[in-house]
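The values are calculated or read from the model by the stated rules, or taken from the named source; none is laboratory data. Here the structure is a predicted model, which is why all the values come from computation and not from measurement. Ideal geometry is used to build each Cβ from the backbone, glycine not excepted, and the neighbour counts take in all protein chains shown. These accessible areas exclude ligands, DNA and RNA; they are computed on the full protein's heavy atoms, side chains included. Shrake-Rupley method; radii C 1.70, N 1.55, O 1.52, S 1.80 Å.
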Amino acid sequence: MNEEHLLRIQAIAEAALLAAGKPLSLDQLRELFTEDERPARQVMEHVMMLLESACENRGFELKKVASGYRLQIREEYAPWVGRLFEERPQRYSRALLETLALIAYRQPITRGEIEDIRGVTVSSNIIRTLLEREWVRVVGHRDVPGRPAMYATTKQFLDYFNLSGLDQLPPLSDVRDLEEIGREIEKNMQAEIEFESPKDDDKNEQTLH
């Protein structure tokens, strides 16, 4: 396959990623082509490497996350790009971040186990928000009285936090407590939502040391 053909495939992939507004897998990108012109998987992987190199010294980058590839603004330019938006992004509550961090690091984990570690009640609103955002899902039920639901993170969680896998989370040995873990995973957020914690979560909040 000659260079001109590779550059054409690269341009098509770039256009598709810009238009999609979400991650696209290699197979999804290959499906853009008719059967007789569809590039082999190895060719498509090579094209994505070319596209990644083409983004060097640009304001955006090609990022591989759990669901595939996406084009995104480089983190260092976020302060300037953020001025395009009138509303200032709002931050998540400490209680939500700690709950999400525990699910990410201890999955599968039940709500009761989260409460035992945090030392406070986990609001139903927090669990509902995480489920609605599709950051966590129920993966089974613990074989104990009451059969409580066990929660784990999803591909959407990895995509949103700019991760391709859980192994990219900061090691527990590198962070002191759940609040610091929350800050570590929060720094890669592309958008933030407001969450008002119930009174139970505002009282006597404890962190894991």
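Of the solvent-accessible surface of the range 57-146, computed with a 1.4 Å probe and all protein chains present, 46% belongs to carbon and sulfur. Normalised per residue, the accessible area of the range 1-118 is 62 Å², obtained with a 1.4 Å probe and no contribution from ligands, DNA or RNA. The slack in the chain from R74 to L18, taken as 0.36 nm per residue of separation less the alpha-carbon distance, amounts to 18.7 nm. Taking a ≥ b ≥ c as the square roots of the Cα gyration tensor eigenvalues, the range 110-171 comes out prolate, since a/c reaches at least 1.5 and a/b is larger than b/c. Taking a ≥ b ≥ c as the square roots of the Cα gyration tensor eigenvalues, the range 11-143 comes out oblate, since a/c reaches at least 1.5 and a/b does not exceed b/c.
Once the C-beta distance of E52 and S124 is scaled by a Förster radius of 25 Å, the resulting FRET efficiency is 0.05 to the nearest 0.05.
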